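Enquirer: What follows is a structure written as structure tokens; I'll ask about it next.
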Amino acid sequence: MPHFAEINPQTNEVLRVVGAKSNLWCENEFGGTWFRTYSDKEDKTYAGLGCTYHPEKENFSAPQPFPSWTLDDQCNWVPPAGFKPSLHLYVEADFAGAYNFHQLDGNVQIIQDNN
């Protein structure tokens, strides 16, 4: 079944993604502005909450990870030239429980999720 993303028409931010017959069906049933998103096309980015729709490229992008990164023609974020990752994170497979990893300003926070 095809998937469609509802976007905020002022910001092009994705509000939700649903499986449906067509974007017209979504507009008639839910209202709003809808665009198809693809999970099986190499040159397309699957939409998710918080992603942005780029009408000129008919594609979606994830939120910009850092202000210095730029968007390429296929809506992938690209680091500045000469960028070298400074973080190496190794995770053991025998963690007891689930963990969330957050990177803020080059620092990593590891938070155990006890849910």
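Enquirer: Which residue out of G31, G48, G19 is loosely packed, with under 12 Cβ neighbours inside 10 Å and either under 15 Å from I7 (Cβ atoms) or in contact with a Leu (Cβ under 8 Å, 6 or more places away or on another chain) (or both)? Explain how you work it out, then say what you get.
Expert: On the way: G48 fails: loosely packed, with under 12 Cβ neighbours inside 10 Å; G19 fails: either under 15 Å from I7 (Cβ atoms) or in contact with a Leu (Cβ under 8 Å, 6 or more places away or on another chain) (or both).
From the options G31, G48, G19, the qualifying one is G31.
Enquirer: Confirm whether F95 is surrounded by 11 or more Cβ atoms within 10 Å (Cβ to Cβ) and either at pLDDT below 60 or farther than 16 Å from H3 by Cα (or both). Reasoning before the result, please.
Expert: On the way: surrounded by 11 or more Cβ atoms within 10 Å (Cβ to Cβ): no; either at pLDDT below 60 or farther than 16 Å from H3 by Cα (or both): yes.
No: the conditions fail for F95.
Enquirer: Can you tell me which residue within segment 11-44, out of those that are among the aromatic types (F, W, Y) and over 16 Å from F60 (Cα atoms), is nearest to the chain's Cα centre (by Cα)?
Expert: Filtering segment 11-44 for residues among the aromatic types (F, W, Y) gives 25, 30, 34-35, 38.
Pick out the ones that are also over 16 Å from F60 (Cα atoms) and you get 25, 30.
Numbers: W25: 24, F30: 22 Å.
In this case the residue turns out to be F30.
Enquirer: Here is a follow-up. Can you tell me which residue is surrounded by the most Cβ atoms within 10 Å (Cβ to Cβ) among those in segment 52-83 that are free of Cβ contacts under 8 Å to residues at least 12 places away in the same chain and among the aromatic types (F, W, Y)?
Expert: Within segment 52-83, the match that is surrounded by the most Cβ atoms within 10 Å (Cβ to Cβ) is W69.
Enquirer: Go through (1) modelled with pLDDT of 95 or more; (2) surrounded by 12 or more Cβ atoms within 10 Å (Cβ to Cβ) one by one and return the number of the condition Q10 breaks.
Expert: Against the list (1) modelled with pLDDT of 95 or more; (2) surrounded by 12 or more Cβ atoms within 10 Å (Cβ to Cβ), Q10 comes up short only on (2).
The values are calculated or read from the model by the stated rules, or taken from the named source; none is laboratory data. Nothing here was measured: the structure is a model prediction, and the numbers come from that model. In this analysis, Cβ positions are derived from the backbone assuming ideal geometry, glycine residues included, and neighbour counts consider all displayed protein chains.
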